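Undergrad: Quick one: the structure is below, questions incoming.
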């Protein structure tokens, strides 16, 4: 059975929307009747209250049974990490409800821009590809969560009730799942923006000299005498060299670039606070998990028990690291692709004879200076490779401090495994 082509951007984001809905995050909302909207709102309220009850049940057991078997430094660390995760899991759904209208506006605006890309610049919308990519990423997230959850089952106590064990598992894994879903939503949208900047650069390259872009196989445009737009394949067609036609195309590309840059600002506003919380918590969690691994390795017992002690922490540490790298990498790619437009327009400037066209190019260059494309978390963090460098330095510093304060050598082997750090 072949997958049907999604009719719009919101439909192509259905996998993310349903994934958000399942974990209790109301970031996407279609227009429904009042009764259905009331039921959906009731679902999220009940889900949120249930999470509070489950977290409270699990916290009581974790504090009494797990934290007490560790050194004072480790015990404080574990409690702080678990409480932080729980608070984040309860806060993110509220932030999502607050940001929902902003995201809806973003989707409407980028949908209009996508129509320009399709009708004027001749690029296909290709929503099916976006839909499939989400399915692959969601499947990968589910596999990772399932693998770690199964490995964590052996750490639960047999003398505890089933409800207690379920509450502990939910408390340890639901917060990270919520953060992964929201981060994945931001990641998928940023990749979509990145691809739009790539199409803009491809369209700009079509306006350069034939010998410069002879390897480009993108769709170009021609404007007929009645000002209707039609697309054709090829490079260096004589009609595209007409000054008025090239200027019209360039104006369309420049306006599209400006709108896309403004949409990045809108995206920063929608996801700013969530990204700030997510990136900050991720750095704290990586530090705590690395310290947990160190603490577990210092307790004297067999190699198998040592591996069993540190493996869950190592798995979660990898998840947080990959999360930071994925978000930073996608944001850096989108920013770099937007900056490439500046290099291309100066290539066009060298071959432009029309003064009006040269003026358009200069306005484009000024526009890019006034509207830089940067992804930030409320202006505090720039999401690119510089953030990764800062995280590495901060984690190294705090980890050294924690190890120097450590007193794990005085702690006997614990009767129960460390489950509070995930």
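The values are calculated or read from the model by the stated rules, or taken from the named source; none is laboratory data. Just so you know, these numbers come straight off a predicted model, no measurement behind them. Here Cβ is always computed from backbone atoms with ideal geometry, including for glycine, and neighbour counts include all displayed protein chains.
Undergrad: Is at least one residue of the stretch 157-167 modelled with pLDDT of 80 or more and closer than 26 Å to residue 327 by Cβ?
TA: For the stretch 157-167, residues modelled with pLDDT of 80 or more and closer than 26 Å to residue 327 by Cβ: absent.
Undergrad: Among the candidates 379, 390, which residue alone is surrounded by 13 or more Cβ atoms within 10 Å (Cβ to Cβ) and either within 30 Å of residue 291 (Cα to Cα) or in contact with a strand residue (DSSP E or B) (Cβ under 6 Å, 6 or more places away or on another chain) (or both)?
TA: On inspection, the qualifying residue turns out to be 390.
Undergrad: Under the condition of being modelled with pLDDT under 80 and either touching a strand residue (DSSP E or B) at 6+ places or on another chain (Cβ under 7 Å) or assigned to a helix (DSSP H, G or I) (or both), which residue from the stretch 240-254 is surrounded by the fewest Cβ atoms within 10 Å (Cβ to Cβ)?
TA: 244
Okay, residues lined up against (1) within 28 Å of the chain's Cα centre (by Cα); (2) on the phi > 0 side of the Ramachandran plot; (3) in contact (Cβ under 8 Å) with a residue 40 or more places away in the chain:
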| residue | (1), (2), (3) |
| --- | --- |
| 311 | yes, no, yes |
| 326 | yes, no, yes |
| 337 | yes, no, yes |
| 343 | yes, no, no |
| 348 | no, no, yes |
| 369 | yes, no, no |
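Undergrad: Considering each of 310, 299, 286, 277 in turn, give the residue that is at pLDDT below 75 and touching a helix residue (DSSP H, G or I) at 6+ places or on another chain (Cβ under 7 Å).
TA: 299
Undergrad: On to the next question. What is the number of the single condition among (1) part of a helix (DSSP H, G or I); (2) at pLDDT 80 or above that residue 24 does not meet?
TA: Every condition holds for residue 24 apart from (1).
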